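J.: Quick one: structure below, then a few questions.
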Amino acid sequence: MSSSKNNNVIDFQQYKEKRELQRAIPSAETSLENDFQGKLRLTQEDAEMIIYCMRLGREYFMIEVEKTPDEGGQAQRDFETVNSLLDRIQYEVLKLQTEEGYIVGLSILELAFIIDCVEMTRNAVGKGINVFQSEPGDKEDYAKWLDGTFFYLLDVYEKWRFYQGH
């Protein structure tokens, strides 16, 4: 949970509940989505924004794990997922690149998880929370950058789903 000076509070619980609901509904898609692997091409800016949003998500999931210390719970799995994805994306960013940009191999469910983290940050910014701790003039630039990354990821997700025949 994050808050700003104005006591605006954003509860990331709604995104977690959305993912839990998606997992709870049994479907034939689930095994296909787990098996699907795609290559996500990221610019430097996209990679930086995703890493930033996932770090915010990790802080939230860490708080959830501490609140409910049951072993193997959803909060613990979310925390492990965000750590694993952060490690993989940061590894690609730290490798020497021969071309501009980064390529990360992901499953469609991992991409959906990243989109959730970016969407949580967008929602916080939309509610006036200064998640970037930036000056007012810079805040608009960060918001545009965040929106661009979000819509790019959403577009990739929809294309992957289309390629799967959904």
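The values are calculated or read from the model by the stated rules, or taken from the named source; none is laboratory data. Computed from a prediction, not measured in an experiment: that's the story for all the values here. No Cβ is skipped: glycine too gets one built from the backbone with ideal geometry, and neighbour counts run over all protein chains shown. For the accessible areas, the whole protein counts, side chains as well, though only heavy atoms, and no ligand, DNA or RNA atoms are used. Shrake-Rupley method; radii C 1.70, N 1.55, O 1.52, S 1.80 Å.
J.: I'd like the full set of residues that are within 12 Å of the chain's Cα centre (by Cα) and either under 13 Å from T149 (Cα atoms) or of a type in the set (A, V, I, L, M, F, W, C) (or both), limited to segment 101-117.
T.: First, the residues of segment 101-117 that are within 12 Å of the chain's Cα centre (by Cα): 109-117.
The answer is L109, L111, A112, F113, I114, I115, D116, C117.
J.: So R58 fits all but one of (1) surrounded by 13 or more Cβ atoms within 10 Å (Cβ to Cβ); (2) under 17 Å from L40 (Cα atoms); (3) of a type in the set (K, R); what number is the exception?
T.: (2) is the only condition that R58 fails.
Here's the yes/no breakdown for (1) of a type in the set (D, E, K, R); (2) touching a residue at least 24 places away in the same chain (Cβ under 8 Å):
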residue	(1), (2)
I114	no, yes
R122	yes, yes
A143	no, no
T149	no, yes
K159	yes, no
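J.: Related question: Go through E64, E17, E99 for me and flag whichever is among the charged types (D, E, K, R) and either more than 28 Å from Q133 (Cα to Cα) or modelled with pLDDT of 80 or more (or both). I'd like the intermediate steps shown before the answer.
T.: Details: E64 fails: either more than 28 Å from Q133 (Cα to Cα) or modelled with pLDDT of 80 or more (or both); E17 fails: either more than 28 Å from Q133 (Cα to Cα) or modelled with pLDDT of 80 or more (or both).
Exactly one residue qualifies, and that residue is E99.
J.: Residues that are over 16 Å from L42 (Cα atoms) and within 14 Å of the chain's Cα centre (by Cα): does segment 123-131 have at least one? Reasoning before the result, please.
T.: Residues of segment 123-131 over 16 Å from L42 (Cα atoms): 123-131.
Keeping just the survivors that are within 14 Å of the chain's Cα centre (by Cα) gives 123-124.
Yes, that holds for at least one residue.
J.: Give me the residue from segment 131-166 that is open to solvent by 40 Å² or more (accessible area, probe 1.4 Å) and of a type in the set (S, T, N, Q) and, out of that set, modelled with the lowest pLDDT.
T.: My answer is Q164.
J.: Could I ask something else about it? Of the residues D46, D87, D78, D11, which is modelled with pLDDT of 80 or more, open to solvent by 70 Å² or more (accessible area, probe 1.4 Å), charged (D, E, K, R) and within 30 Å of S134 (Cα to Cα)? Reasoning before the result, please.
T.: Details: D46 fails: open to solvent by 70 Å² or more (accessible area, probe 1.4 Å); D78 fails: open to solvent by 70 Å² or more (accessible area, probe 1.4 Å); D11 fails: modelled with pLDDT of 80 or more.
Every option except D87 fails the conditions.
J.: G101 versus (1) buried (at least 16 other Cβ atoms within 10 Å of the Cβ); (2) under 16 Å from Q44 (Cα atoms); (3) in contact (Cβ under 8 Å) with a residue 24 or more places away in the chain: which is the lone unmet condition?
T.: It fails just one condition, (1).
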